[in-house]
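*Asks:* Encoded as structure tokens, here's the structure I'll be asking about.
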Amino acid sequence: PKPNFFIFNEGIWVADRAHGYYSNQANQKHIIKAISDAGMISVYKTTTKSRGQTGREVDEYETQFCELADHCLDFSWTSKIPDDLYHDNFHFKEPVYKLMNLQMLELLSFV
């Protein structure tokens, strides 16, 4: 069966950001249109914060994607995660993923 939702983000990898594909507004619009044309609901997921990264601000391209997408799954709250709940600089320990999954399911349940 065809999915109803398309959940996506750019991720934290600097090499991907260096190409600037997601920050290009024309590309953003093409991505959102392609998802819509495929009959799916677009959900942009903001990038989780790395260990030690403080502040809930998100990059401008993420704000733009959140405005274009049907829904925004905002994980900027991960800047508040204490260091002891990280396996490494990028990956969390439980219960962080459980909380993220609950947030996603709550968002999808209202769509």
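The values are calculated or read from the model by the stated rules, or taken from the named source; none is laboratory data. No experiment lies behind these values; they were computed from the predicted model shown. Glycine also receives a Cβ, built like all others from the backbone with ideal geometry; neighbour counts cover every protein chain displayed. Surface areas here come from the heavy atoms of the whole protein model, side chains and all, with no ligands, DNA or RNA. Shrake-Rupley method; radii C 1.70, N 1.55, O 1.52, S 1.80 Å.
*Asks:* State whether one or more residues within region 87-99 are out of contact with any helix residue (DSSP H, G or I) (no Cβ under 7 Å at 6 or more places or on another chain), under 17 Å from residue 12 (Cα atoms) and open to solvent by less than 30 Å² (accessible area, probe 1.4 Å).
*Replies:* no
*Asks:* Moving on. Scan region 58-79 for residues that are assigned to a helix (DSSP H, G or I), more than 12 Å from the chain's Cα centre (by Cα) and within 18 Å of residue 5 (Cα to Cα) and jot them down.
*Replies:* Result: 67, 68.
*Asks:* Moving on to the next point. Going through region 24-52 one residue at a time, which ones are buried (at least 16 other Cβ atoms within 10 Å of the Cβ), out of contact with any Phe, Trp or Tyr (no Cβ under 6 Å at 6 or more places or on another chain) and not in a helix (DSSP H, G or I)?
*Replies:* 45, 47, 49
*Asks:* What are the pairs with Cβ atoms under 6 angstrom where one residue, in region 19-47, is of a type in the set (D, E, K, R) and the other, located anywhere, is outside any helix (DSSP H, G or I) and open to solvent by less than 60 Å² (accessible area, probe 1.4 Å)? Sequence gap at least six, or different chains.
*Replies:* Matching pairs, first to second residue: 45/9; 45/73.
*Asks:* Of the residues that make up region 90-99, is at least one closer than 18 Å to residue 111 by Cβ and not in a loop (DSSP other than H, G, I, E, B)?
*Replies:* no
*Asks:* Which of the numbered conditions does residue 1 fail, given that it passes all the others? Conditions: (1) within 23 Å of residue 102 (Cα to Cα); (2) in a loop (DSSP other than H, G, I, E, B).
*Replies:* Residue 1 satisfies every listed condition except (1).
*Asks:* With respect to residue 36, is the statement that it is hydroxyl-bearing (Ser, Thr, Tyr), out of contact with any helix residue (DSSP H, G or I) (no Cβ under 8 Å at 6 or more places or on another chain), more than 12 Å from residue 9 (Cα to Cα) and at pLDDT below 95 true?
*Replies:* In short, no.
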